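The values are calculated or read from the model by the stated rules, or taken from the named source; none is laboratory data. Note that this is a predicted model, so its numbers are computed, not measured. Glycine also receives a Cβ, built like all others from the backbone with ideal geometry; neighbour counts cover every protein chain displayed.
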Amino acid sequence: MSAASQIMNDAAEAPRSGRYFDEAASQQMERFIADFGQMYRERNEALKEVTRAHHHALLQLAQAADLRDDDTGVHIVRIGFLAEALALKLGQPASFARMLRKAAPMHDIGKIGTPDRVLKKPGPLSTEERAEMNRHPAMGAEILGRSRIPLFQLAAEVALTHHERFDGTGYPRGLAGTDIPLSGRITSVVDFYDALTMARCYRPAFDSETAIGMLVAERGRAFDPEIVDAFVAHASELEARKQEVNKKGMSFQALIDAD
């Protein structure tokens, strides 16, 4: 074959070789993307499973703390669903409301470290006992805040701030107004209402109307006025949600499964 013929043949083969290379590279890239996608999905599913297991364990710990102060433990379930419902009434995104439903029940998890002699004392607490009781928000935040998972970061925020007061006289940091995170402001309102309408060993349950009156009395003092107003405006719906939890005997697993 002459040199000219060889050059022509090489020129003719080049495009075919290039197309073959492009097709092979494209197929390889598609396989890589598919494999990477599968790995990413498996990784996300594994992370979700770890999060669910972690959440389940922490809810059990929260229930253990609640059972020391309430013989049913259903208080934390109601808090979750009431916090979610109230967040939605305030116009918050559904994603935030769902996360708050799971985070708010862990608000008192720090009480697991409060001695029974303080937690179950029937009379007024001494100055030293009150200081010991007031450590439970920081203890809860320490337990929950060790995780970088957003749910547990929110739960730590709730635990730390749900005893702050709108007028700045709360604890542990004396935050005031909107310096208190919204999650803590919402949880403090629903916790107050639910605690009042729950029978305790030292008093019967208050009826809904009386509890709402007591809530309104703390408007602008303990609680954010906007949140109190939203609660009052939708009180019948929120009370119905509370009764639904009671009627169905919903466990804390329902907080996880409600999605």
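Report yes if some residue within the stretch 196-205 is closer than 22 Å to LEU238 by Cβ, in contact (Cβ under 8 Å) with a residue 60 or more places away in the chain, surrounded by 23 or more Cβ atoms within 10 Å (Cβ to Cβ) and in contact with a helix residue (DSSP H, G or I) (Cβ under 8 Å, 6 or more places away or on another chain); otherwise report no. Within the stretch 196-205 (the criterion being closer than 22 Å to LEU238 by Cβ, in contact (Cβ under 8 Å) with a residue 60 or more places away in the chain, surrounded by 23 or more Cβ atoms within 10 Å (Cβ to Cβ) and in contact with a helix residue (DSSP H, G or I) (Cβ under 8 Å, 6 or more places away or on another chain)), the answer is no, since none of the residues qualifies. Among the conditions (1) in contact (Cβ under 8 Å) with a residue 40 or more places away in the chain; (2) among the hydroxyl-bearing types (Ser, Thr, Tyr); (3) in a helix (DSSP H, G or I), SER188 misses just one, which is (1). Examine the stretch 120-128 for a residue that is part of a helix (DSSP H, G or I), surrounded by fewer than 17 Cβ atoms within 10 Å (Cβ to Cβ) and on the phi < 0 side of the Ramachandran plot, and state whether such a residue exists. Looking through the stretch 120-128, at least one residue is part of a helix (DSSP H, G or I), surrounded by fewer than 17 Cβ atoms within 10 Å (Cβ to Cβ) and on the phi < 0 side of the Ramachandran plot.
Quick check on the stretch 209-259: of everything there that is at pLDDT 95 or above and among the polar types (S, T, N, Q), which residue is farthest from PHE81 (Cα to Cα)? Applying the filter and picking the extreme gives THR210. Every condition in (1) farther than 14 Å from PRO105 by Cα; (2) at pLDDT below 95; (3) buried (at least 17 other Cβ atoms within 10 Å of the Cβ) holds for LEU144 except the one numbered (1). Applying the set (1) closer than 23 Å to MET106 by Cβ; (2) assigned to a helix (DSSP H, G or I) to HIS163 leaves exactly one unmet item: (2).
Here is a list: LEU160, LEU175, LEU151, LEU182. Which entry is buried (at least 16 other Cβ atoms within 10 Å of the Cβ) and modelled with pLDDT under 95? Outline the logic, then answer.
Details: LEU160 fails: modelled with pLDDT under 95; LEU175 fails: modelled with pLDDT under 95; LEU182 fails: modelled with pLDDT under 95.
Exactly one residue qualifies, and that residue is LEU151.
Of the residues LEU59, LEU47, LEU88, only one is closer than 28 Å to ARG135 by Cα and either modelled with pLDDT of 75 or more or part of a helix (DSSP H, G or I) (or both); which?
Values: LEU47 fails: closer than 28 Å to ARG135 by Cα; LEU88 fails: closer than 28 Å to ARG135 by Cα.
Checking each option against the conditions leaves just LEU59.
Checked against (1) more than 12 Å from the chain's Cα centre (by Cα); (2) at pLDDT 75 or above; (3) under 24 Å from GLN253 (Cα atoms), ASP69 meets all criteria but (2).
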